[in-house]
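Worksheet for the structure shown next.
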Amino acid sequence: MTISSLLANSALPTFTGWRLLMFERILPIALWIVGAVLANRFVNWSSARVTMHIDAQFKKGDALVRSESAKHQHALIQVISWVAIAAIYLFMGYQIVKALGVPINALVAPATVIGAALGFGAQRVVQDLLAGFFLITERQYGFGDVVNLSLTGGSTAEGTVSDVTLRVTKLRNTDGEVITVPNGQIVKATNLSKDWARAVVDIPLPKNVDMGKVNSLLQRVGERAYHDPVMSTLLLDTPSLMGVVSIDLDQVNVRMVARTLPGKQFEVGRNLRERIVRSLATAGIDVAPVTDTVDDEAEVRPS
């Protein structure tokens, strides 16, 4: 036997071993990783297409606000896509471990220990997931709702819901800031835009004002607002006058309320206040001034 034949015979097992490693280990792992990434992108693409379809229906429809069903569908799609992506990567991890030749039965005991440790350390995460599950299924709020959340510790968070998952709720407040709240820390959720909303306008007036004249004036303001082409699309009925709600030392507070479309109570409230101020000024009725308390000692104290 020549030296070249001996070298060929000695190199054959090495080449065969690398080929087995390539086709039985490395290639399947690479394929599973690529497949998981593609599946992840497909889920994101599909959820984006569905949400765009919902938003397109909202923009083309006659309604000025999203329906409760559309809000729930938007939130549900986000949760389903999040769960699908988590399942994809868990399945990929299982297949990679299987492709490496690691016996699954041998991992049962370590997995039990790790699971127990994670159970004690991840109680907050489990609490967030359970709270998010009931939040979605009970339709407490959805994408686009204006909410006020009371959190553990006495703090609050208010804004428009921009994202809802099983673990967190994201709000965007009036300053444009995004607030991320874990669902498990929500003690009370106040939905300000479910089904319908209410605009409340308080008018401070001098104590000696003619209430009969004011009442008739405010009733006319409400009727004109309801028949206005722009305001009529936001109001559900004619704004009603509640009358005097409080009496202070130098003023009385009169309240007017109006039922509006969800989330439109702030716009309606601003419009009604503008109309009321103009009407009172035209009728010669002044709004009660806000008196500031002055410290007499500070007034006479030399500078």
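At a glance:
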{"read-out": "Cα centroid of the range 215-279 to Cα centroid of the range 136-212, whole Å", "value": "22"}
{"read-out": "Gained length - GLU158 relative to LEU236, 0.36 nm times residue gap less alpha-carbon distance", "value": "25.6 nm"}
{"read-out": "Potential lengthening between VAL126 and THR180 on full extension [0.36 nm per residue; Cα-Cα distance subtracted]", "value": "17.7 nm"}
{"read-out": "1.4 Å probe accessible area per residue over the range 151-263, in Å²", "value": "53"}
{"read-out": "PHE42-ASP286 pseudo-label distance in nm [points 7 Å out on the Cα-to-Cβ vector]", "value": "7.4"}
{"read-out": "From phi via Karplus (6.51, -1.76, 1.60), per-residue ³J(HN,Hα) for the range 74-85 in Hz, x at Gly/Pro", "value": "4, 5, 5, 5, 5, 5, 4, 5, 5, 5, 5, 5"}
{"read-out": "Vicinal HN-Hα couplings computed from phi for the range 241-250 (Karplus, 6.51 cos²θ - 1.76 cosθ + 1.60; Hz; Gly/Pro x)", "value": "9, 8, x, 6, 9, 7, 10, 9, 5, 10"}
{"read-out": "Cut-off under 5 Å, modelled amide H: who pairs with THR260 long-range", "value": "ALA197, ARG198, ALA199, LEU236"}
{"read-out": "Sites ASP195 and SER279, calculated FRET efficiency, Cβ-Cβ separation with R0 45 Å, nearest 0.05", "value": "0.90"}
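The values are calculated or read from the model by the stated rules, or taken from the named source; none is laboratory data. Since we're looking at a predicted model, the values are computed, not measured. A quick note on method: Cβ atoms are made from the backbone with ideal geometry, for glycine too, and the neighbour counts reach across all protein chains shown. Accessible surface is based on the protein model in full, side chains and every heavy atom, while ligands, DNA and RNA are left aside. Shrake-Rupley method; radii C 1.70, N 1.55, O 1.52, S 1.80 Å.
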